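A.B. asks: What follows is a structure written as structure tokens; I'll ask about it next.
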Amino acid sequence: MKQNKNLMSLQLQVSDFLPASEDEKQGVVVMRESVSFWKDGFRRLRKNKLAMVSLVVIIAIMIFAFIIPSFYPYSYEQQIRGSENLGIMEYSKEELTRIQSGEKIFPHFLGTDSLGRDLMIRIMVGSKISLLVGIVASAIILVIGSTYGAIAGYFGGKVDMMMMRTVDIIYTIPDILIIILLSVTLKFPLQKLADNIQGFAWINTVGVGLISIFIVFSLLYWVGMARIVRSQVLALKEQEYVIAAKALGASDKRIIKKHLLTNSIGTLIVTTTLQIPSSIFTESYLSFLGLGVSAPMPSLGSLASQAIGGITSYPHRLLAPAVMISLIILSFNLLGDGLRDAFDPKLKN
Amino acid sequence: MSRYIIKRVISAIITLFLVATLTFFLMYLVPGGPFLAEKAPSPQTMKALEEKYGLDQPVGVQYTNYMKRLLKGDLGTSLKMRGQEVNHIIKTRFPISAKLGLCAVILAVSVGLPIGSFAALKRGKFLDRLIMFFSTLGMAVPGFVVATVLMYFFGVKLRVLPTFGLTSPLHYILPVIALAFYPTAYISRLMRSSMLDIIGQDYMRTAKAKGVSQFKSLFKHALRNAILPVVTYLGPMLASILTGSFIVEKVFTIPGLGNQFIGSITDRDYPLIMGTTIFLAFLLITMNVLVDIAYKIIDPRIKME
Amino acid sequence: MMSNTLLDIKNLRLSFFTPAGEVKALNDVSISMQEGDVLGIVGESGSGKSVTAYSIMGLTAHPGKIIGGTIDFNGHRINEMSEKQMRKIRGKEVSMIFQDPMTSLNPVYTIGNQIREVIYLHTDLDKQQAYDRSVELLNLVGINDPEKRLKQYPHELSGGMRQRVMIAIALACEPKLLIADEPTTALDVTIQAQIIELMMELKRKINMSIIMITHDLGIVASMCTNIVVMYAGKVVEAGSIDEIFYNPKHEYTKGLLRSIPNIDSPSHERLIPIEGSPVDMLNPPVGCPFAPRCDKCMKICLKRMPEYTKISDTHKSACWMLQKEELERSKGVMK
Ligand SMILES: Nc1ncnc2c1ncn2[C@@H]1O[C@H](COP(=O)(O)OP(=O)(O)O)[C@@H](O)[C@H]1O
Ligand code: SF4
Ligand SMILES: [Mg+2]
């Protein structure tokens, strides 16, 4: 009877007990938005404040490095007589008299170096070179590594084993030592090539130092990428097999494609993004040892290492490029981490 | 296990062989051969060198001779240091670098492990974020900047620590910090993620279900598992400390092998570059093999295989 | 004859506060259990079985939080106890074994070490006594050559062996209650049967109660005295084994039973999932959570959560069909 009263108090109507239609039933199912991999990834990425800030910083640095120098009043190799060793925002005597006579002189935001070159533009161009080194080296690594890895994974068996043994061995070569060795020795043959053989003169434009760096990176640094791509391809082959076994029809190339995209591209983007700062790091290291890009072209590493001698009098000359390097590396690292979390959770360590 | 060791040693020997070969042929690319580049030595030296190394002979013969000498452990003779044996130079310089490096390893491990574990336990909290911020930053600052800035602030500005040479324990402080900077940051990040991984493992839940306290479950059950990935970093860490030592020894004017190596690069002292490279490569490769084997021994799961 | 109540969970509500929102994992879960019972908790994956078990152990992990209700176990108000007090109970009065024996033991310590740990924690036995007890325990769970096993690492044992070790650890202090969270799901069929047999044998030897969480209705039929059926964080039906198997009231339970070929000969058949997708616990429906998958679904089911209808002292179920019958009956009376 008690139950009964309860029921009455609920004020139910007989119509409530009519069967619900299929539409009504489905109406209450809150369909969780079936978001695509990319959409989902981008949503996660956008939520990652650190990664987004890093992205903004990277874009700002790109503008600073690639766009502003083209209309900056000074050039990186321009030596301004009488304006040597200026401090931050300082003008030389000559410039001051010209200002007094009504002329407008663009300020040296970071002063000048011992040859009278404006430090600000040198930092910009240095950033450009460092970024280029990072990006080009990473692109080379991406191409070589993913091709090699894909071939090994695709053929499998003996070919795979031989190729991966090679990778294992290259992996254990102490890279920095070889890089130093190569940078020391490659200059001669490259210089010879540039000077003597037509069609190789561009080496001089890019600079022997830079070319050696690229050669060195592409010889040694692709192995990590190759390993990752290989395992992805192997996993994909497995997928293919599973799909076939499930008798979903072998014609369903779209699934494979989709898996290829989702599985591999995410990994490749993440790995490449994280490769950029590592290459910049190595370049700055080589520059410090005097093995980086050749003068007068500045890289952030060479700017910083040139400033070390004068650190007691001009600490800002070291700090400015050092902060810049750190900022670039930091933001690429954070962006890479964010991309990994967003698109490739399984890569996490 | 013994199969693994044999496999690992064989591949190390192949790697070493490759490095030695590469070194030889790269040096051969230098115009005039490794011994005659740039400033020519005196005629007597030249003659002695030519005799000793048979520079007039074909590449193949030179290569075999070179490899034979290497096998005997003879790394050649320095050009600039007036006939000093590379072996001798390494013998006097390397202990200095090794001492410095060892201190840095100890510092990096003893700071990185606790900091990383602590961050993992305080996951998402303020202290975790702070630690992660600094370690991420620590990994973004190039080593020579760290070294120079340390030298500038503590040595030049504050004048509290010596910045030159390695004559007293105080002299060690700055170079060791500079050397340990990157590995410390790396280890703390590695330890954190490894610890987080372990904390989520089923056996941690088992420990809790047994009534083990959080403190003990961390120290007994988590730490030993979480440390395993850090052991694998020991190899790369040695490489990183070694390359760091080139810079740190130069900045702090320490007469170690690193400084010597940089000097030989600036001087284009090719035999010395060649010899040092091979020695350091040998060192790194050997250490890597040892670390890999040690890892397999520490991890009981692998012992039986 | 009423025996003592060992476990009494009342209106337990538990949520996980995730970045995506509040996951209402348990909504008003009430479960009660007498000493000596073997209680089976069944329900599809994600229905809240494990979360219920963990909350009995006081192991609700961040970001989970009990936001209502009470848990009384063996005279303790679990949900009000401190971590320190809880530690004295875990492994001693209530123990738990888990789904995957391959990962539930710490790989870097020997079996002996991991058994002794729990003995040292809850008893005053010295080294020799603890060793003897470990040997005794391994004998008890049917592991031969215990002296040798104690020195081995988990990876040197098979899955079935490891689960036996887990049981040995769980039983080391002769708990009042053993919670087994899908203890056989990860094992081979023959090993499954052995483990179940072992648990029943041990139950007879040591006077303890068991909560058996499982997918496998065959296991439930072979060992349980009572059953709780969970769906989407709710207990949708609870009763004695006979009541549930021969007189199921909830449409979900009926579906479950239909999905196994023959109840009386429990072939170890996994629960065949009922058609339709499980409930999104981030946005639980206002009505009966099973409604979208229910053949008998009525308009009211979509609008309101059904109340429990008491079928007997031990049997209750939350389904509008029961309310409807009740209503019709009372209307008949009124006429
Ligand atoms: N750590 C967690 N964070 C968020 N949600 C969780 C967590 N653990 C469990 N849940 C949610 O609680 C619900 C019940 O889970 P569980 O008890 O593990 O189910 P099962 O019945 O399969 O054992 C699931 O919907 C799951 O999404
Ligand atoms: S309440 Fe309605 S929808 Fe839910 S099980 Fe009962 S009949 Fe089906
Ligand atoms: Mg579960």
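The values are calculated or read from the model by the stated rules, or taken from the named source; none is laboratory data. In this text, all values refer to a predicted model and were calculated from it rather than measured experimentally. Here the Cβ positions follow ideal geometry from the backbone for every residue, glycine too, while neighbour counts run over all protein chains shown. Surface accessibility is based on the protein's heavy atoms, side chains included, excluding ligands, DNA and RNA. Shrake-Rupley method; radii C 1.70, N 1.55, O 1.52, S 1.80 Å.
A.B. asks: Return one whole number: the accessible area per residue of the protein assembly as shown in Å², for a 1.4 Å probe.
C.D. replies: Normalised by residue count, the accessible surface of the protein assembly as shown is 47 Å².
A.B. asks: If you don't mind, another one. Out of C:V135, C:V94, C:V236, any idea which swings most in a Gaussian network model of chain C, alpha carbons joined below 10 Å?
C.D. replies: Among C:V135, C:V94, C:V236, the largest GNM mean-square fluctuation belongs to C:V135.
A.B. asks: How much length, in nm to one decimal, is gained on full extension between B:T92 and B:R123, taken as 0.36 nm per residue of separation minus their Cα-Cα distance?
C.D. replies: Result: 6.4 nm gained on full extension.
A.B. asks: Moving on to the next point. Any chance you could check region B:139-155 for residues losing 50 Å² or more of accessible area when the partner protein chains are in, compared with the chain on its own (1.4 Å probe)?
C.D. replies: Relative to the lone chain, where solvent access is computed with a 1.4 Å probe, region B:139-155 loses at least 50 Å² at B:A140, B:P142, B:F144, B:T148, B:Y152.
A.B. asks: Please report, largest first and rounded to whole Å, the three semi-axes of the ellipsoid equivalent to the protein assembly as shown, where each semi-axis is the square root of five times an eigenvalue of the C-alpha gyration tensor.
C.D. replies: Over the Cα atoms of the protein assembly as shown, the semi-axes work out to 67, 35, 27 Å.
A.B. asks: Taking the Cα centre of chain B as origin, work out the dipole magnitude from +1 charges on Lys and Arg Cβ and -1 charges on Asp and Glu Cβ, in debye rounded to 20.
C.D. replies: It works out to roughly 1260 debye.
A.B. asks: Looking at chain A from every direction and averaging, what is the projected area of its Cα convex hull in nm²?
C.D. replies: Mean orientational projected area (chain A, Cα hull): 34.1 nm².
A.B. asks: If we count every other residue with Cβ under 15 angstrom of C:I210's Cβ, Lys/Arg +1 and Asp/Glu -1, where does the sum land?
C.D. replies: Residues close to C:I210 contribute a combined charge of -4.
A.B. asks: Helix-derived [θ] at 222 nm for chain A: sum -39500 (n - 2.57) over DSSP H runs of at least 4, divide by residue count, nearest 500?
C.D. replies: That comes out to -22000 deg cm²/dmol.
A.B. asks: Still on this structure, I have one more. Mind listing, in residue-number order, the residues in region B:252-285 that have at least 40 Å² less accessible area with every protein chain present than in their own chain alone (1.4 Å probe)?
C.D. replies: Hits at the 40 Å² cut-off: B:I265, B:R268, B:T277.
A.B. asks: State the answer as a single residue: which of C:P306, C:G58, C:P154 lies farthest towards the positive end of the charge dipole of chain C, with beta carbon charges of +1 for Lys and Arg and -1 for Asp and Glu, about the Cα centre.
C.D. replies: C:P306
A.B. asks: Then there's this: Express the carbon and sulfur contribution to the solvent-accessible surface of chain C as a percent, rounded to the nearest whole number, probe 1.4 angstrom.
C.D. replies: 50
A.B. asks: Right, something else. Considering only protein heavy atoms and a 1.4 Å probe, what is the carbon-and-sulfur percentage of the accessible area of chain A?
C.D. replies: Ligands and nucleic acids excluded, carbon and sulfur give 64 percent.
A.B. asks: May I ask which residue of B:G138, B:G235, A:P174 lies farthest towards the positive end of the charge dipole of the protein assembly as shown, with charges of +1 (Lys, Arg) and -1 (Asp, Glu) on Cβ and the Cα centre as origin?
C.D. replies: B:G138
A.B. asks: Give me the extension gain from A:F155 to A:Q78: residue separation times 0.36 nm, minus the current Cα-Cα distance, reported in nm with one decimal.
C.D. replies: 22.2 nm
A.B. asks: Once B and A are treated as a pair rather than alone, how much accessible area drops out, both sides summed, in Å² to 100, probe 1.4 Å?
C.D. replies: That pair of chains buries around 3700 Å² in total.
A.B. asks: Counting other C-beta atoms within 10 Å, and keeping those with at most 13, which DSSP coil trypsin sites (Lys or Arg not before Pro) do you find in region B:134-211?
C.D. replies: B:R159
A.B. asks: Considering only B:G116, B:T253, B:I187, whose Cα is most displaced toward the positive end of the charge dipole of region B:87-298, charges sitting on Cβ of Lys, Arg (+1) and Asp, Glu (-1)?
C.D. replies: Value computed over the given set: B:G116.
A.B. asks: Another question about this same structure. Give the calculated FRET efficiency between A:F66 and B:F164 to the nearest 0.05, with a Förster radius of 45 Å applied to their Cβ-Cβ distance.
C.D. replies: Working from the Cβ atoms, E equals 0.60.
A.B. asks: Let me ask something additional. Using label points projected 7 Å from each Cα along Cα→Cβ, tell me how many nm separate B:F17 and C:E35, to one decimal.
C.D. replies: Label at B:F17, label at C:E35, 7.6 nm between them.
A.B. asks: Which percent of the accessible heavy-atom area of region B:87-298 goes to carbon and sulfur, probe 1.4 angstrom?
C.D. replies: Ligands and nucleic acids excluded, carbon and sulfur reach 71 percent.
A.B. asks: Can you work out the FRET efficiency for the pair C:S222 and B:Y4, with r the C-beta to C-beta distance and R0 = 41 Å, to the nearest 0.05?
C.D. replies: So the FRET efficiency works out to roughly 0.35.
A.B. asks: Springs between alpha-carbon pairs under 10 angstrom, Gaussian network model over chain B: which of B:G200, B:G211, B:G143 fluctuates most?
C.D. replies: Of B:G200, B:G211, B:G143, the most mobile in the Gaussian network model is B:G211.
A.B. asks: Give me the distance between the Cα centres of region B:264-278 and region A:14-28, rounded to whole Å.
C.D. replies: 85
A.B. asks: Next question, about the same structure. Determine the shape class of chain B: with a ≥ b ≥ c the square roots of the Cα gyration tensor eigenvalues, call it rounded for a/c under 1.5, and otherwise prolate if a/b is greater than b/c, oblate otherwise.
C.D. replies: oblate
A.B. asks: Given the options A:K128, A:K237, A:K93, which has the most mean-square fluctuation in a GNM of chain A, springs set between C-alpha atoms less than 10 angstrom apart?
C.D. replies: Result for chain A, Cα springs under 10 Å: A:K93 fluctuates most.
A.B. asks: Tell me, how many Å apart are the Cα centres for region B:237-260 and for region B:70-96?
C.D. replies: Rounded to whole Å, the Cα centres lie 17 Å apart.
A.B. asks: Can you compute 3J(HN,Hα) from phi for each residue in region C:200-205, using the Karplus curve 6.51 cos²θ - 1.76 cosθ + 1.60 with θ = phi - 60°, rounded to whole Hz and x for Gly and Pro?
C.D. replies: Using θ = phi - 60°, the values come out as 5, 5, 5, 4, 5, 5 Hz.
A.B. asks: If you don't mind, there's one more thing I want to ask. Taking the Cβ-Cβ separation of C:S45 and A:E22 as r and a Förster radius of 22 Å, what is the calculated FRET efficiency to the nearest 0.05?
C.D. replies: 0.30
A.B. asks: Return the percentage of antiparallel bridges among DSSP beta bridges fully within the protein assembly as shown, rounded to the nearest 5 %.
C.D. replies: 65
A.B. asks: If you don't mind, another one. So if each residue of separation counts as 0.36 nm, and I subtract the Cα-Cα distance between B:Q44 and B:Q214, what length gain in nm does that give?
C.D. replies: Length gained between B:Q44 and B:Q214: 53.8 nm.
A.B. asks: On to the next question. How many Å² of accessible surface get buried when C and A come together, counting both sides, probe radius 1.4 Å, rounded to the nearest 100?
C.D. replies: 2100
A.B. asks: At 7 Å along the Cα-to-beta-carbon direction for both A:E90 and C:N113, put a label point, then send me their distance in nm to one decimal.
C.D. replies: Spacing of the two 7 Å Cα→Cβ label points: 6.5 nm.
A.B. asks: If each of B:V231 and B:F134 carries a label point 7 Å out from its Cα toward its Cβ, how far apart are those two points in nm?
C.D. replies: According to this spin-label approximation, the distance is 2.9 nm.
A.B. asks: With both bridge residues required to lie in region C:1-149, what share of the DSSP beta bridges run antiparallel, to the nearest 5%?
C.D. replies: Just about 95 percent of them are antiparallel.
A.B. asks: Hey, another quick one. List the residues of region B:128-153 whose backbone N lies under 14 Å from a point placed 7 Å from the Cα of B:K99 along the Cα-to-Cβ direction.
C.D. replies: none
A.B. asks: I'd like the Karplus ³J(HN,Hα) series for region B:165-170: coefficients 6.51, -1.76, 1.60, θ = phi - 60°, whole numbers in Hz, and an x wherever there's a Gly or Pro.
C.D. replies: x, 8, 8, 9, x, 4
A.B. asks: Now, a different point. Please report the spacing between the Cα centers of region C:1-76 and region A:98-121 in Å, no decimals.
C.D. replies: 74
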